[in-house]
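The values are calculated or read from the model by the stated rules, or taken from the named source; none is laboratory data. These figures come from a predicted structure and were not determined experimentally. With ideal geometry, Cβ positions are generated from the backbone for all residues, glycine too; neighbour counts draw on all protein chains shown. All accessible areas refer to the heavy atoms of the entire protein, side chains included, with ligands and DNA or RNA removed. Shrake-Rupley method; radii C 1.70, N 1.55, O 1.52, S 1.80 Å.
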Amino acid sequence: MALDAAIRSRNVKNTDRRLSNLLRDIRACRICEVHLPHGVNPVIHASATAKLCIVAQAPGIRVHETGISFNDPSGDRLREWMGVDRATFYDESRVAIIGMGFCFPGTDAKGGDRPPRKECAEAWQDKLFAALPKFKLTLLVGIYAFDWHLGDAAKANVTETVRAWREFAPRTIPLPHPSWRNNAWLKKNPWFATELLPYLRKRVKSAIG
Ligand code: SF4
């Protein structure tokens with residue numbers, strides 16, 4: 001038993017070191033710097049002990065400026081969906097927040113945020129998930145997270161993938177982006193609030209207490 005505990009402890013330390021080295025490399029990354037109009041600022045929250053992971057899109061301008069993921073009205077709505085306060089949401093020992101792109105990609109001609117840079121997921125996503133702990137619950141937010149993490153299991157579009165949430169539960173739950181841009185979507189799909197959200201809150205509570 002003592003040997004088992006020593007091996008487990010050594011494995012935790014190794015995972016920790018591997019993850020720390022990777023996070024250091026990501027924070028020093030400059031791979032797509034020339035395409036980032038606001039410059040490089042990888043935003044990522046992760047630890048070797050987190051039980052819940054949120055995989056999102058890419059930082060917006062406010063996240064870029066503060067270095068804190070979902071530090072905006074979308075984050076307020078996501079916290080409300082999950083039934084957690086800011087202190088819990090930003091407790092890295094319990095919650096990891098990973099973007100499909102780690103730096104703010106800038107805005108398009110209409111003022112909307114550009115999609116996450118593809119180079120970012122290609123360079124880091126698999127390496128990072130190999131070093132992260134096994135999560136009790138992973139929330140996939142938006143189509144870029146669906147495409148990468150669900151692969152062929154993702155449906156034709158966001159609505160169909162979220163509507164099929166029971167196929168991915170209990171360990172994975174797909175969610176639409178909590179942006180105000182999806183207000184019409186939320187209105188059009190009342191099952192999201194009446195069926196999925198109560199389940200989501202129950203699973204979040206069971207994953208992180
Ligand atoms: S978006 Fe990703 S790949 Fe590009 S510079 Fe930032 S961390 Fe590196």
### Qualifying residues in the range 101-138 (those that are under 17 Å from LEU19 (Cα atoms) and open to solvent by 70 Å² or more (accessible area, probe 1.4 Å)) - the one nearest to the ligand (Cβ to nearest atom)
LYS127
### Query
Does at least one position in the range 71-79 carry a residue that is surrounded by fewer than 17 Cβ atoms within 10 Å (Cβ to Cβ) and modelled with pLDDT under 95?
yes
### Task
Test TYR144 against the criterion of being within 16 Å of the chain's Cα centre (by Cα) and either under 19 Å from CYS53 (Cβ atoms) or modelled with pLDDT of 95 or more (or both), and give yes or no.
yes
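When you look at VAL63, is it assigned to a loop (DSSP other than H, G, I, E, B), within 14 Å of the ligand (Cβ to nearest atom) and surrounded by 16 or more Cβ atoms within 10 Å (Cβ to Cβ), yes or no?
Numbers: assigned to a loop (DSSP other than H, G, I, E, B): no; within 14 Å of the ligand (Cβ to nearest atom): yes; surrounded by 16 or more Cβ atoms within 10 Å (Cβ to Cβ): yes.
So VAL63 does not fit the description; no.
Among what's in the range 16-31 and is without any contact (Cβ under 8 Å) to a residue 40 or more places away in the chain and in a helix (DSSP H, G or I), pick the residue that is farthest from the chain's Cα centre (by Cα).
First, the residues of the range 16-31 that are without any contact (Cβ under 8 Å) to a residue 40 or more places away in the chain: 16-17, 20-21, 23-25, 27-28, 30.
From what is left, the residues that are in a helix (DSSP H, G or I) are 16-17, 20-21, 23-25, 27.
Working: ASP16: 19, ARG17: 22, SER20: 18, ASN21: 20, LEU23: 15, ARG24: 19, ASP25: 19, ARG27: 17 Å.
By that ranking, first place goes to ARG17.
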### Summary
Within the range 159-181, residues under 14 Å from LEU197 (Cβ atoms), over 14 Å from the mean Cα position of the chain (by Cα) and open to solvent by less than 40 Å² (accessible area, probe 1.4 Å) come out as VAL162, TRP165, ALA169
### Lone unmet requirement of (1) touching a helix residue (DSSP H, G or I) at 6+ places or on another chain (Cβ under 8 Å); (2) within 13 Å of the ligand (Cβ to nearest atom); (3) assigned to a loop (DSSP other than H, G, I, E, B) for ASN71
(2)
#### Entry: Complete set of residues in the range 13-48 that are more than 12 Å from the ligand (Cβ to nearest atom) and β-branched (Val, Ile, Thr)
THR15
### Query
So which pairs qualify, if the first residue must be in the range 34-52 and at positive phi, the second must be within 11 Å of the ligand (Cβ to nearest atom) and in a loop (DSSP other than H, G, I, E, B), the Cβ gap must be under 9 Å, and the two must be at least 6 apart or on different chains?
GLY39/CYS103; GLY39/PHE104
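Filter the range 139-153 down to residues that are open to solvent by 20 Å² or more (accessible area, probe 1.4 Å) and among the hydrophobic types (A, V, I, L, M, F, W, C) and give me whichever is nearest to VAL84 (Cα to Cα). Write out each step before concluding.
Pass one, the range 139-153, residues open to solvent by 20 Å² or more (accessible area, probe 1.4 Å): 143-144, 147-153.
Still in the list and also among the hydrophobic types (A, V, I, L, M, F, W, C): 143, 148, 150, 153.
On the way: ILE143: 23, TRP148: 26, LEU150: 25, ALA153: 29 Å.
Only one residue tops the list, namely ILE143.
Report whether or not VAL55 is closer than 22 Å to LEU150 by Cβ, surrounded by 20 or more Cβ atoms within 10 Å (Cβ to Cβ) and within 16 Å of the ligand (Cβ to nearest atom).
Yes; evaluated as a whole, the condition is true for this residue.
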## Note on the structure
Taking the range 85-100 and keeping residues more than 16 Å from the ligand (Cβ to nearest atom) and in contact with a Phe, Trp or Tyr (Cβ under 7 Å, 6 or more places away or on another chain) leaves VAL95
